[in-house]
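Note sheet for the following structure.
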Protein chains: 2
Amino acid sequence: MTKKVVSIDIGGTSVKLAIIDDYRNIIEKWQIPTNIVNNGINIISDTINTIKEHLVLYSKEEIVGIGIGIPGPISVDGSRVIKAVNLGWNDVPLKSIFEDKFDVPVNLLNDANSAALGEMWAGAGQGINNLMFVTLGTGVGAGIIIDGKIINGAHSSGGEIGHIPVISNEHRVCGCGNLNCLESFASANGMVKTMKRILTEANVNRGHFTTIDIFRWMSDGDKYARQAVEETTNYLGFAFAGILNTLDLEKIVIGGGLSGAGDALLNPLIKSVDSHVFSQIRSNYVISLSQLGNNAGIFGDAAFFFNEKV
Amino acid sequence: MTKKVVSIDIGGTSVKLAIIDDYRNIIEKWQIPTNIVNNGINIISDTINTIKEHLVLYSKEEIVGIGIGIPGPISVDGSRVIKAVNLGWNDVPLKSIFEDKFDVPVNLLNDANSAALGEMWAGAGQGINNLMFVTLGTGVGAGIIIDGKIINGAHSSGGEIGHIPVISNEHRVCGCGNLNCLESFASANGMVKTMKRILTEANVNRGHFTTIDIFRWMSDGDKYARQAVEETTNYLGFAFAGILNTLDLEKIVIGGGLSGAGDALLNPLIKSVDSHVFSQIRSNYVISLSQLGNNAGIFGDAAFFFNEKV
């Protein structure tokens, strides 16, 4: 009988659940919609109920823990969700709620940290103890692992690389209130904004478009799209070089929507990092794409219980 | 009888030595000149001899270790000095050399890392486990401590924040070969360079000057000096905000020659960090001056043996 963990990835539209064993197998996987009415008060009971239904198939001894990934910061002591804007949550003592219901150890993780652990345990970071997982989507976030351990930070703000300040002549106000955060330039929205600026400067109108269009145009030889991708990856490359120079990591794993562009994103990004990173590090780091995609989080929730280094 | 460590801080002009006990007392302290002829081949025997002379005053049981700080990177396994340009050293197995001679545990540390541990154990970082020590002098370097442990990095380049790339219209080639590293702007030399540019733009000639002159001029109300200090601290503030957003540290301790300017440096620096750092971190970090000054390194060499967290 293998040991198993209940992995829960709570997102703004769905709660993904899985039973994962210590051989990195997903035994089963399902999801329920996230009910965000009334400040998300039903999310917890909905999740508890669906777990109870599924756990009838398993013996009590098999289940060694419950790992929960949250789109928001976790308190330094690991007991509470400080805030999860997308869920409507404020200061929720989630660990004790689940421990009381299931009488097994419960671990809470910020979702980017969870994805980082997942890639380390079962994905692009296997065998590596010093890495950063970066999600490039509507925002830019990261989970940083040093010596196998997540950097949650002194105030639960470790890995907030989307808010690294960027020097620019533009004036982009970030959702956090600051000016010219990395996220304002290197997220999907930031990249679209850059492309719009380039097109406006060139007096070209292409109507509505997404980052998928930009990468498609670039592969068709469009110079404006190429410029937009280069500006975006250059800002990212500056930030990554700074992080590598500070932490000397072995690997950066890229996930999130923009990672779907593959080499069209990676190649200019690596070129930018190479030209800015410290010479001793230049040939000694790797940037690669996520291997687990949307499953990174549920693997990470389980990794906490199964990976000795964590 | 208190436990004692032999602390050695090997620098380009002198080797500082001390006997430090586990109550943070310097029992004695002395130094010898650094003999850099013949690729520094005599430094090791000179240091061994002076220690032997001093150790006749102590019993073998008192001395629990020898801690050595080096101006260069230490191999990931802690056994070798990879390189120390100022000493002429290349790949020196220093740990085993000292262990063979003295038959006690020996620990090697990069000097910035050693200063960071020293401030944590006996200086401005007491009681804090997540901090960065930054030396602002002819160069810019750092020692970063997370959960009480030094980040030496996957390739011994952790804390190389002087080489974080900076976006600028200027074209300053760094000693490392890269363009516009933080060190090119935020070191003492970088600040003088900035002041010279400002004076040239204003058609003002002030001959030779140092950063001490710049801070003196600023306190006398000179607008050019104020601009030079603000540009310097703004580059530093950008970098520090990025690092805080990435690692969410509790404290940054500033040492090195520029720290002698005190509040004239700290106040504009904190203002710059505040305007760029993530809002959750803004009121939750501290920047302060080194308390140990030139003694930070020898305290750090001892801290390795006496601080349980390290």
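The values are calculated or read from the model by the stated rules, or taken from the named source; none is laboratory data. No experiment lies behind these values; they were computed from the predicted model shown. Counting neighbours? That spans all protein chains shown, and the Cβs are built from the backbone with ideal geometry, glycine included.
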Check: Which of (1) of a type in the set (A, V, I, L, M, F, W, C); (2) in contact with a strand residue (DSSP E or B) (Cβ under 8 Å, 6 or more places away or on another chain); (3) within 25 Å of B:I82 (Cβ to Cβ); (4) within 11 Å of another protein chain (Cβ to nearest Cβ) is the odd one out, the single condition B:C176 does not satisfy?
Finding: (2)
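When the residues of the range B:144-192 are filtered to those that are of a type in the set (V, I, T) and part of a strand (DSSP E or B), which remaining residue is nearest to B:R216 (Cα to Cα)? Outline the logic, then answer.
In the first step, residues of the range B:144-192 are kept if they are of a type in the set (V, I, T); the result is B:144-146, B:150-151, B:161, B:164, B:166-167, B:173, B:192.
Now restrict to residues that are part of a strand (DSSP E or B): B:144-146, B:150, B:173.
Values: B:I144: 31, B:I145: 34, B:I146: 36, B:I150: 36, B:V173: 28 Å.
The residue in question is B:V173.
Which count do you get for residues in the range B:193-213 that are part of a loop (DSSP other than H, G, I, E, B) and within 23 Å of the chain's Cα centre (by Cα)? Steps first, answer last, please.
Pass one, the range B:193-213, residues part of a loop (DSSP other than H, G, I, E, B): B:202-210.
Keeping just the survivors that are within 23 Å of the chain's Cα centre (by Cα) gives B:210.
Looking only at that region, the number is 1.
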Margin query: Residues that are touching a helix residue (DSSP H, G or I) at 6+ places or on another chain (Cβ under 6 Å) and within 14 Å of chain B (Cβ to nearest Cβ): does the range A:189-207 have at least one?
Written below: no
Margin query: On the basis of being hydrophobic (A, V, I, L, M, F, W, C) and in contact (Cβ under 8 Å) with a residue 24 or more places away in the chain, does A:L199 make the cut?
Written below: yes
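Does B:G260 satisfy the criteria of being touching a Leu at 6+ places or on another chain (Cβ under 8 Å) and either of a type outside the set (S, T, N, Q) or surrounded by fewer than 24 Cβ atoms within 10 Å (Cβ to Cβ) (or both)?
On the way: touching a Leu at 6+ places or on another chain (Cβ under 8 Å): no; either of a type outside the set (S, T, N, Q) or surrounded by fewer than 24 Cβ atoms within 10 Å (Cβ to Cβ) (or both): yes.
For B:G260, the condition - touching a Leu at 6+ places or on another chain (Cβ under 8 Å) and either of a type outside the set (S, T, N, Q) or surrounded by fewer than 24 Cβ atoms within 10 Å (Cβ to Cβ) (or both) - is not met.
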Next item on the list: Would you mention how many residues in the range B:265-286 are away from every other protein chain (no Cβ under 11 Å) and surrounded by 15 or more Cβ atoms within 10 Å (Cβ to Cβ)?
Entry: 5
Checklist line | From A:I70, A:I63, residue being in contact (Cβ under 8 Å) with a residue 24 or more places away in the chain, within 23 Å of A:A142 (Cβ to Cβ) and among the hydrophobic types (A, V, I, L, M, F, W, C) | finding: A:I70
Notebook entry, point to check: Which of the strands (runs of 3 or more DSSP E) contained wholly in the range B:76-131 include at least 1 residues that are among the charged types (D, E, K, R) and within 17 Å of the chain's Cα centre (by Cα)?
Noted result: B:81-84
Next item on the list: Spot the failing condition for A:K101; the list is (1) touching a helix residue (DSSP H, G or I) at 6+ places or on another chain (Cβ under 6 Å); (2) buried (at least 18 other Cβ atoms within 10 Å of the Cβ), and only one is missed.
Entry: (2)
Notebook entry, point to check: Given (1) buried (at least 17 other Cβ atoms within 10 Å of the Cβ); (2) farther than 20 Å from A:A261 by Cβ; (3) of a type outside the set (A, V, I, L, M), where does A:S187 come up short, assuming only one miss?
Noted result: (2)
Item checked: the range A:222-261 - residue that is of a type in the set (V, I, T), over 17 Å from the mean Cα position of the chain (by Cα) and away from chain B (no Cβ under 12 Å) and, of those, farthest from B:V166 (Cα to Cα) -> A:V229
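Let me confirm something: among B:G88, B:G67, B:G72, which residue is assigned by TED's automatic domain parsing to the domain that holds B:D9 and either basic (K, R) or closer than 18 Å to B:A303 by Cβ (or both)?
Working: B:G88 fails: either basic (K, R) or closer than 18 Å to B:A303 by Cβ (or both); B:G72 fails: either basic (K, R) or closer than 18 Å to B:A303 by Cβ (or both).
Result: B:G67 is the single residue among B:G88, B:G67, B:G72 that is assigned by TED's automatic domain parsing to the domain that holds B:D9 and either basic (K, R) or closer than 18 Å to B:A303 by Cβ (or both).
Just to be sure I understand, how many residues within the range A:113-147 are aromatic (F, W, Y) and more than 23 Å from A:G190 (Cβ to Cβ)?
From the range A:113-147, those aromatic (F, W, Y) are A:121, A:133; that's our starting set.
From the residues that got through so far, the ones that are more than 23 Å from A:G190 (Cβ to Cβ) too are A:121.
Matching residues across the range A:113-147 total 1.
For the range A:159-169, check the following and say yes or no: at least one residue is away from every other protein chain (no Cβ under 14 Å), in contact (Cβ under 8 Å) with a residue 60 or more places away in the chain and not acidic (D, E).
Applying the first criterion (away from every other protein chain (no Cβ under 14 Å)) to the range A:159-169 yields none.
No, because not a single residue in the range A:159-169 is away from every other protein chain (no Cβ under 14 Å), in contact (Cβ under 8 Å) with a residue 60 or more places away in the chain and not acidic (D, E).
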Note to self: Tell me the residue from A:A84, A:A18 that is surrounded by 14 or more Cβ atoms within 10 Å (Cβ to Cβ), on the phi < 0 side of the Ramachandran plot, in contact (Cβ under 8 Å) with a residue 60 or more places away in the chain and touching a Lys or Arg at 6+ places or on another chain (Cβ under 8 Å), please.
What the structure shows: A:A18
